[in-house]
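The values are calculated or read from the model by the stated rules, or taken from the named source; none is laboratory data. Source: prediction; values computed, not measured. Every residue, glycine among them, receives a Cβ derived from its backbone with ideal geometry; neighbour counts consider all protein chains shown. When the accessible area is computed, the model is the full protein with side chains, heavy atoms only, and any ligands, DNA or RNA have been set aside. Shrake-Rupley method; radii C 1.70, N 1.55, O 1.52, S 1.80 Å.
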Amino acid sequence: MKKILTLAIAAVLVFSLVSCAKKDKEDVTTGTSAADVQKNGPKSALEILETVWKKYSADDKFAAMGGSEKNMKEDAPGKFDLGDAEALDFELGFPKAEVGKMDDAASLLHMLNQNTFTCGVYHVKNSADIEALAVKIKDNILARNWMCGFPEKLVIMTVGDYIVSVFGAAELISTFTAKLTDSYGSVRQLFDVPIA
């Protein structure tokens, strides 16, 4: 009887380990594997930030929020409302005059101080506009009058037809860019410039 019980417990443990390993390889929100994400690319701006945020360990994470006023999420990225060009410009540094060139946006911000970490992801309608739009985002962010401290650096990258703009503390930016690059093989860095 003890042998049967021991074998049954061992079988349950093996099945639970296999199940956990399979869950780790699948994206919980989309049901796609990490290999599919690498091969097919992201489906939305929010998916990019959610994929990266899931790679953060508890020690790496910071008090965060995401999205615009209508879609605000605590401790997670959120979808940003394109109808509020002023907020896109003020909060994320996306030039309000260029909002018509994208059709999807998401954000992840440091809850206590946006100058510590601010990330915006934007899907560009026409891939021919990506490089020129990235320059405008860079120029818009660098031209700001900073309050409550200066961010240390700005990095702008692309993932397919998405622009990823992130500024803040150098250490937080390095962690984010490493996790983004680990998540998507098609990451291309356009700018890495100091701000302070």
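Quick rundown of the values:
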quantity: Number of positions in the range 97-110 that are over 14 Å from A45 (Cβ atoms), of a type outside the set (G, A, S) and outside any strand (DSSP E or B); calculated: 1
quantity: Considering residues of the range 126-153 that are under 19 Å from the mean Cα position of the chain (by Cα) and basic (K, R) only, the residue farthest from G41 (Cα to Cα); calculated: K153
quantity: Positions within the range 73-97 being within 26 Å of L142 (Cα to Cα), within 15 Å of the chain's Cα centre (by Cα) and open to solvent by 50 Å² or more (accessible area, probe 1.4 Å), in sequence order; calculated: K79
quantity: Wholly enclosed helices (runs of 4 or more DSSP H) of the range 1-96 bearing at least 1 residues in contact with a helix residue (DSSP H, G or I) (Cβ under 7 Å, 6 or more places away or on another chain) and either at pLDDT 55 or above or closer than 15 Å to L108 by Cα (or both); calculated: 45-54
quantity: Pair list, Cβ under 7 Å, 6 or more apart: the range 79-99 residue closer than 18 Å to V166 by Cβ, other residue open to solvent by less than 50 Å² (accessible area, probe 1.4 Å) and assigned to a loop (DSSP other than H, G, I, E, B); calculated: K79/G67; F80/G67; F80/S68; A87/S68; L88/F80; L88/F94; D89/P95
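The rows are residues; the columns are (1) touching a His at 6+ places or on another chain (Cβ under 9 Å); (2) at pLDDT 95 or above; (3) aromatic (F, W, Y).
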residue: H110; (1), (2), (3): no, yes, no
residue: N113; (1), (2), (3): no, no, no
residue: I137; (1), (2), (3): no, yes, no
residue: R144; (1), (2), (3): no, no, no
residue: I163; (1), (2), (3): yes, yes, no
residue: F167; (1), (2), (3): no, yes, yes
residue: T175; (1), (2), (3): no, yes, no
residue: V187; (1), (2), (3): no, yes, no
